[in-house]
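See structure below.
The values are calculated or read from the model by the stated rules, or taken from the named source; none is laboratory data. What you are looking at is a predicted structure, and each value in this text was computed from that prediction instead of being measured. Neighbour counts are summed over all protein chains in view; Cβ atoms, including those assigned to glycine, are modelled from backbone coordinates with ideal geometry. Accessible surface areas use protein heavy atoms only, side chains included; no ligands, DNA or RNA. Shrake-Rupley method; radii C 1.70, N 1.55, O 1.52, S 1.80 Å.
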Amino acid sequence: MTALDRYTCEEVFRRLNDYLDRELSPAEMAMVKEHLDTCGQCASEHAFEASVLQELKSKLRRIDLPQSLLDKVGAILAEARLPEEQ
Amino acid sequence: MLVVPHYAGSLGIIAPFMALALMDHSRTQPAVPARQGLDDLLKPLLGRAYGLALRLLRNRADAEDLVQEAALGACRGYATFQPGTNFKAWFFRILTNCYYARHRRQRHEGPPVEFDETPELYLYSQTAALGLHQPPGDPAQALLNRLDSEQIAAALLGLPEEYRVVSTLYFIEDFSYEQTAGILGIPVGTVRSRLHRARKILQKLLWRVAVERGLVPEAVKERA
Ligand SMILES: [Zn+2]
């Protein structure tokens with residue numbers, strides 16, 4: 001990989017959100033990763049943003065499904081299977 | 001006993017979506033055998049579906065109603081589901097359609113002016129100022145460990161509506177931008193720009209919640 005093929009810090013920063021969500025092309029993903037492997041500042045920013053997203057996902061997903069809802073949906077599904085409806 | 005939900009009358013709201021699907025596939029799909037698989041497909045998704053509903057509505061009764069309404073919509077429209085395509089995305093589209101139909105009045109609110117000035121890497125700078133960037137710790141965790149799920153949900157609620165729905169979906173479930181676009185019926189580019197902007201705004205809202213709850217010290221608060 002030549003210097004011309006490499007991303008600058010600014011080019012990496014512009015792609016950081018897409019990189020975090022794996023929404024770049026495989027080639028771009030590789031270019032960003034290559035930069036992060038060698039640039040401490042960008043790596044630190046990337047690690048921070050990745051950790052924020054991971055923490056938020058983890059905490060916002062911490063919800064128990066109420067048994068009452070499971071029962072009600074079970075009843076809706078059972079009713080949908082009744083032969084007379086067909 | 002048959003369940004006759006009070007929300008049954010509101011199913012007209014998903015009719016346009018179902019009609020769209022009907023045009024393409026329904027004539028060739030036998031409804032009865034297909035429906036038998038619905039239990040197995042739907043039940044594993046209920047936890048996340050309820051999670052999305054609860055984070056959007058912040059009220060357990062309303063969230064349960066929304067999921068039931070979506071489940072009923074899935075039953076009625078199941079003949080239009082194409083086997084082999086993503087059932088989770090299909091069901092979440094019904095769910096978000098139900099949500100929008102109920103809460104459309106909130107959609108036109110624009111983002112408050114202050115959000116236009118949200119800088120990049122806001123929490124990164126704030127936690128650095130707080131002295132949390134000492135190796136080997138994780139400064140993001142050090143900050144967010146101070147906030148519980150409800151406080152984070154409260155920050156999420158502060159997002160303008162068009163950012164809030166796409167963000168809540170993003171945080172609750174792992175959909176690609178393309179799947180998210182399909183679920184919400186908006187272009188992929190809109191998903192991308194809203195999500196990216198929402199993250200910046202959310203960082204500011206999270207910091208605000210941390211300040212309001214006294215979770216970060218006054219000295220840093222002044223710089224915020
Ligand atoms: Zn760099």
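Yes or no, residue by residue, for (1) within 12 Å of chain A (Cβ to nearest Cβ); (2) assigned to a loop (DSSP other than H, G, I, E, B); (3) among the acidic types (Asp, Glu); (4) touching a helix residue (DSSP H, G or I) at 6+ places or on another chain (Cβ under 6 Å):
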| position | (1), (2), (3), (4) |
| --- | --- |
| B:Ala128 | yes, no, no, no |
| B:Gly137 | yes, yes, no, no |
| B:Ile152 | yes, no, no, yes |
| B:Phe175 | yes, yes, no, no |
| B:Thr180 | yes, no, no, yes |
| B:Ile186 | no, yes, no, no |
| B:Leu205 | yes, no, no, yes |
| B:Val211 | no, no, no, yes |
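What do you reckon, is B:Ala153 under 16 Å from the mean Cα position of the chain (by Cα) and small (Gly, Ala, Ser)?
Spelling it out, B:Ala153 is indeed under 16 Å from the mean Cα position of the chain (by Cα) and small (Gly, Ala, Ser).
How many of the residues in region A:8-27 are away from chain B (no Cβ under 14 Å), within 16 Å of the ligand (Cβ to nearest atom) and not polar (S, T, N, Q)?
1
Starting from region B:48-65, take each residue that is under 10 Å from A:Ile63 (Cβ atoms) and list its partners that are among the acidic types (Asp, Glu), counting only C-beta distances under 8 angstrom and pairs at least six apart or across chains.
From region B:48-65, the pairs are B:Arg48/B:Glu173; B:Tyr50/B:Glu64; B:Leu52/B:Glu173; B:Ala53/B:Asp62; B:Ala53/B:Glu64.
Please go through region B:47-72 and pick out each residue that is at the interface with chain A (Cβ under 9 Å from one of its Cβ atoms) and among the basic types (Lys, Arg).
B:Arg48, B:Arg55, B:Arg60
Among residues belonging to region A:28-55 that are open to solvent by less than 20 Å² (accessible area, probe 1.4 Å) and of a type in the set (Val, Ile, Thr), point out the one that is nearest to the ligand (Cβ to nearest atom).
Taking the candidates together, the pick is A:Val32.
Got a sec? Which of A:Lys59, A:Lys72 is in a helix (DSSP H, G or I), facing another protein chain (nearest Cβ under 10 Å) and open to solvent by 30 Å² or more (accessible area, probe 1.4 Å)?
A:Lys72
Residues in region A:16-27 that are under 18 Å from A:Ser51 (Cβ atoms) and surrounded by 15 or more Cβ atoms within 10 Å (Cβ to Cβ): how many?
Number of matching residues: 6.
Anything in region B:120-139 that is in contact (Cβ under 8 Å) with a residue 40 or more places away in the chain and of a type in the set (Ser, Thr, Tyr)? List them, or say none.
If the condition is that a residue be in contact (Cβ under 8 Å) with a residue 40 or more places away in the chain and of a type in the set (Ser, Thr, Tyr), then B:Tyr122 is the only one that fits.
I'd like the full set of residues that are among the basic types (Lys, Arg), in contact with a Lys or Arg (Cβ under 9 Å, 6 or more places away or on another chain) and under 25 Å from B:Asp174 (Cβ atoms), limited to region A:36-83.
Passing the criteria: only A:Arg61.
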